[in-house]
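Trainee: One structure coming up, written as structure tokens, with questions to follow.
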Amino acid sequence: MSRSKCSRELYCAFLDVTAERYSALSLSEVAPDALALSHDSISRWLVAERMQPKDLWAAAKKEVHANPGILVFDDVVIDKSRSGKTELVNWQYSGAKHDVTKGIGVVNALWQTSRDQYVPMDYRIWNPPDDGKTKNDHFGEMLGAAKQRQLHPEMVVADSWYSSLANLKAIRSHGWDWVMGLRSNRLVGKPHQQLRELDIPDEGLVTYLKGYGWVRVFRFVTKHGRTDYIGTSRLDLTREQVKTYFERRWSVEVLHKELKQTCGLSRCLANAGRAQRNHIGLSLLTWVRKHKRRQTDNTTMYQQNWEVVKPSIQLALAARLSGG
């Protein structure tokens with residue numbers, strides 16, 4: 001049994017204030033002397049700890065229940081392309097790299113009430129060699145968890161990766177509506193046609209989605225010439241309403257960026273899968289804490305990091321200028 005005096009509180013505080021080094025050795029060097037922490041004891045603690053998605057929910061549920069919002073799903077790849085021994089690493093497509101890469105996949109569920117008001121409320125680690133689950137399986141699990149937690153999202157929003165027939169039916173079974181991307185080869189109408197074969201007017205097209213039922217589909221062309229098809233179960237929504245819902249997915253992209261840049265999401269050096277799982281969960285917990293501080297103090301996460309290092313830089317700069 002580990003005798004480490006490390007704790008979630010200490011580890012999250014470390015992730016909160018550090019901006020460069022995230023290793024067990026670095027934590028041991030800056031931890032309070034009274035704890036007498038060695039880097040080995042921290043490493044053992046990180047493997048022995050059992051951080052789980054329900055712990056993130058415990059930290060986020062008060063804010064989620066306090067504000068009506070939408071439920072946004074997306075995944076992020078923690079780049080491990082230079083790692084040869086790290087567990088949980090699988091080949092997968094990375095939206096950031098626009099290519100297949102080695103990394104740890106994390107599927108996130110975000111509760112969003114406005115562009116600046118959102119909080120991660122659930123997550124899953126994608127590792128099919130161990131559990132045989134797809135990202136869509138994790139999506140379904142988190143939908144079910146949200147229902148059990150008595151949530152009533154105004155809308156479920158995700159890109160085309162998560163708009164499988166099973167997922168759309170699961171959302172409907174919970175009594176919820178959705179706005180989601182649809183692949184261009186989805187079959188609609190009778191006789192069946194692929195979406196890309198249809199002439200879809202600006203006001204959208206009410207059509208029968210094969211295996212599901214009636215939906216309204218819109219066609220959007222990006223400034224780079226890419227064509228996107230976005231569908232909704234709400235037949236009364238306008239083009240602008242659907243566009244607004246779909247663009248609200250941007251909050252989860254901001255979340256992933258802040259997790260990586262201010263909470264050390266991708267900086268864990270441990271090889272053990274359990275250590276990686278704990279680090280990912282504790283990074284999400286750290287984000288929730290920093291987000292609460294952002295709300296109360298009106299300061300960005302980047303500014304919070306700067307306020308930590310600024311005094312040291314001021315002292316060092318003064319010393320250099322004085323010839324010290």
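Trainee: Among 268-277, 116-125, how do they line up by average Cβ neighbours within 10 Å per residue, starting with the highest?
Mentor: Output ranking for 268-277, 116-125: 116-125, 268-277.
Trainee: Keeping the other protein chains in place, figure out the carbon and sulfur percent of the accessible area of segment 226-290, with a 1.4 Å probe.
Mentor: Heavy-atom surface of segment 226-290 belonging to carbon and sulfur, 1.4 Å probe: 49 percent.
Trainee: Of Glu63, Glu9, which has the most accessible area and how do the rest follow, probe 1.4 Å?
Mentor: Ranked list, largest accessible area first: Glu9, Glu63.
Trainee: Considering only C-alpha atoms, what is the centroid distance from segment 152-188 to segment 23-37, in Å?
Mentor: Segment 152-188 and segment 23-37 have Cα centres separated by 47 Å.
Trainee: Still on this structure, please answer the following. Among DSSP beta bridges whose residues both lie in the chain, state the antiparallel percentage, nearest 5.
Mentor: 90 percent
Trainee: Report the calculated FRET efficiency for Gln194 and Ala272 (r = Cβ-Cβ distance, R0 = 41 Å), to the nearest 0.05.
Mentor: The formula returns an efficiency of 0.35 here.
Trainee: Further question: When you count, for each residue, the other Cβ atoms within 10 Å and take the mean per peptide, how do 206-213, 280-287 rank with the highest first?
Mentor: Packing order, densest peptide first, comes out as 280-287, 206-213.
Trainee: Mind checking the per residue accessible area of segment 130-201 for me, 1.4 Å probe, whole number of Å²?
Mentor: 49 Å²
Trainee: Hey, which lysines would be in cross-link range of Lys85, C-alpha to C-alpha under 16 Å, not counting anything within fewer than 8 residues on its own chain?
Mentor: Lys102
Trainee: Please compute, over every Cα-Cα pair in segment 44-154, the percentage with a separation greater than 23 angstrom. Show your work: numbers first, answer last.
Mentor: On the way: 2224 of 6105 pairs.
That tail contains 36 percent of the Cα-Cα pairs.
Trainee: Scan around Leu187 for amide H atoms under 5 Å from its own, H built in the peptide plane at 1.01 Å from N, and keep only partners 5 or more places away or cross-chain.
Mentor: Long-range HN contacts for Leu187: Lys210.
Trainee: Using the Karplus equation 6.51 cos²θ - 1.76 cosθ + 1.60 (θ = phi - 60°), what ³J(HN,Hα) coupling, rounded to whole Hz, does each residue of segment 233-248 give in order, writing x for Gly and Pro?
Mentor: Residue by residue, segment 233-248 yields 7, 8, 5, 8, 6, 8, 4, 5, 5, 5, 4, 5, 4, 5, 5, 5 Hz.
Trainee: Under a plain spin-label model, where a point goes 7 Å from the Cα along Cα-to-Cβ, how far apart in nm are Ala34 and Tyr212?
Mentor: Between Ala34 and Tyr212, the simple spin-label model gives 5.7 nm.
Trainee: Moving to a separate point now. Rg and Dmax of the chain, using alpha carbons, in Å: what are they?
Mentor: 22.3, 82
Trainee: Give the long-range amide H neighbours of Asp75: residues separated by 5 or more places, or on another chain, with amide H under 5 Å away, using H modelled in the peptide plane at 1.01 Å from N.
Mentor: Amide H neighbours of Asp75, under 5 Å, 5+ apart: Asn108.
Trainee: Pairs of lysines 8 or more apart, or on different chains, with alpha carbons under 26 Å: count those in segment 152-246, would you?
Mentor: Working: Lys169/Lys190; Lys169/Lys210; Lys169/Lys243; Lys190/Lys210; Lys210/Lys243; Lys223/Lys243.
Lysine pairs meeting the criterion: 6.
Trainee: If you plug each phi of segment 185-202 into the Karplus form 6.51 cos²θ - 1.76 cosθ + 1.60 with θ = phi - 60°, what whole-Hz ³J(HN,Hα) values come out, in order, with x for Gly and Pro?
Mentor: 9, 5, 8, 9, x, 9, x, 5, 9, 6, 3, 5, 8, 9, 9, 9, x, 4
Trainee: While we're looking at this one, here's another question. Among Gly84, Val252, Leu25, whose Cα sits farthest toward the positive end of the charge dipole of the chain (+1 at Cβ of Lys/Arg, -1 at Cβ of Asp/Glu, about the Cα centre)?
Mentor: Positive-most Cα among the choices belongs to Gly84.
Trainee: How much length, in nm to one decimal, is gained on full extension between Ile313 and Ser160, taken as 0.36 nm per residue of separation minus their Cα-Cα distance?
Mentor: 50.5 nm
Trainee: Right, next: May I ask for the net charge around Ala58, where only other residues with Cβ less than 12 Å from the Cβ of Ala58 are counted and Lys, Arg are +1 while Asp, Glu are -1?
Mentor: Around Ala58, the surrounding residues sum to +2.
Trainee: Further, regarding this structure: If you roll a 1.4 Å probe over segment 1-98 with all protein chains in place, what percent of the accessible area is carbon or sulfur?
Mentor: Numbers: 2930 of 5680 Å².
In segment 1-98, the share of accessible area belonging to carbon and sulfur is 52 percent.
Trainee: Multiply the residue gap between Ala58 and His152 by 0.36 nm, knock off their C-alpha separation, and tell me the result in nm, one decimal place.
Mentor: Numbers: separation 94, 0.36 × 94 = 33.84 nm, distance 1.77 nm.
Net length gain for the segment: 32.1 nm.
Trainee: From the backbone phi of segment 287-298, what are the Karplus-calculated ³J(HN,Hα) couplings (6.51 cos²θ - 1.76 cosθ + 1.60, θ = phi - 60°) in whole Hz, Gly and Pro given as x?
Mentor: Ordered by residue, 3J(HN,Hα) equals 4, 4, 5, 5, 5, 4, 5, 4, 6, 7, 9, 6 Hz.
Trainee: Could you sort 90-97, 50-57, 160-167 so that the peptide with the highest average Cβ count within 10 Å comes first and the rest follow in order?
Mentor: Peptide ranking by packing, descending: 160-167, 50-57, 90-97.
The values are calculated or read from the model by the stated rules, or taken from the named source; none is laboratory data. Nothing here was measured: the structure is a model prediction, and the numbers come from that model. Reconstructed Cβ throughout: ideal geometry from the backbone, glycine too, with neighbour counts over all protein chains shown. The accessibility values were calculated without ligands, DNA or RNA, using every heavy atom of the protein model including side chains. Shrake-Rupley method; radii C 1.70, N 1.55, O 1.52, S 1.80 Å.
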